[in-house]
Amino acid sequence: MQSPRLLLLVAVAAVVATALTGCGSSSTPQAAAATPSASSAPTTPSSTAPSSSASSAAASSTDGASPSASPTNPYGTMSVDPPGPNDPVLTVTGGSAGPTSFTLAQLEELGTTAVALDEPFVKRRLAFTGVPMSAVLDKAGIPAGATITTKALNDYEYANLASALTGSQALIATRRGEGPVPFDAGGPIRIVFPESPPLSTTLDAWNWSMSSIRVTAGG
């Protein structure tokens, strides 16, 4: 007959073995969700999901959002003072007109267009007013065959042929609704697209808080 001490040891060993087996079969919780970015941002509510690939072989973008996104605000939360009436909001270089800077008023003097669209980052229908990219490039003397790079305040960049952006009716938005574009909504200026052109589904091209355009090839 086995002693009570021996029976106790056998029981303890069985409990330990069961615990170890349970640990080996449990799954590890997934790491914290990634911060939204321009190439992994929420998709538009339309039936065609936006693609993060560009529509042209010349297209490219730096990693990350423009500017850095957060789980609560896809546009980021950097603190920047709104531009004054005489402060340039956009600088364009590499064209035949030489370096050119625009205030908000000077941009809008080139002629504005209004558009309502399904904004793919906040998934809401919004109204924007802005200047066609084609008008800005024409003013700066940048040909359609040039490769241009749009740059944001946080150094995010997107490059493509000028003709790809103008052919997709890129609009440099200066107003959202009846007022200026707030910085925490991608202001003071940002690129938006109507809903049907090719680049409207390329999220990398929607460069917000844009500060400059430069020619990087073929100027």
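Read-outs throughout are calculated quantities, based only on the coordinates presented, and are distinct from any laboratory measurement. Model, not experiment: these values are computed from the prediction. Note: ideal-geometry Cβ built from the backbone for every residue, glycine included; neighbour counts use all protein chains shown.
In µm²/s, what is D for the stretch 90-164 at 20 °C and 1.002 mPa s, where D = kT/(6 pi eta Rh) by Stokes-Einstein and Rh is the Kirkwood radius from Cα pairs? Translational diffusion coefficient: 155 µm²/s.
Of Arg214, Arg125, how do they rank once you tally other Cβ atoms within 10 Å and put the fewest first?
Result, fewest neighbours first: Arg125, Arg214.
Subtracting the Cα-Cα distance of Lys123 and Ala97 from their residue separation scaled by 0.36 nm leaves 5.5 nm.
Sorted fewest first by neighbouring Cβ atoms within 10 angstrom, Arg190, Arg176, Arg124 come out as Arg124, Arg176, Arg190. According to the Kirkwood relation over distinct C-alpha pairs, the hydrodynamic radius of the stretch 121-219 is 13.5 Å.
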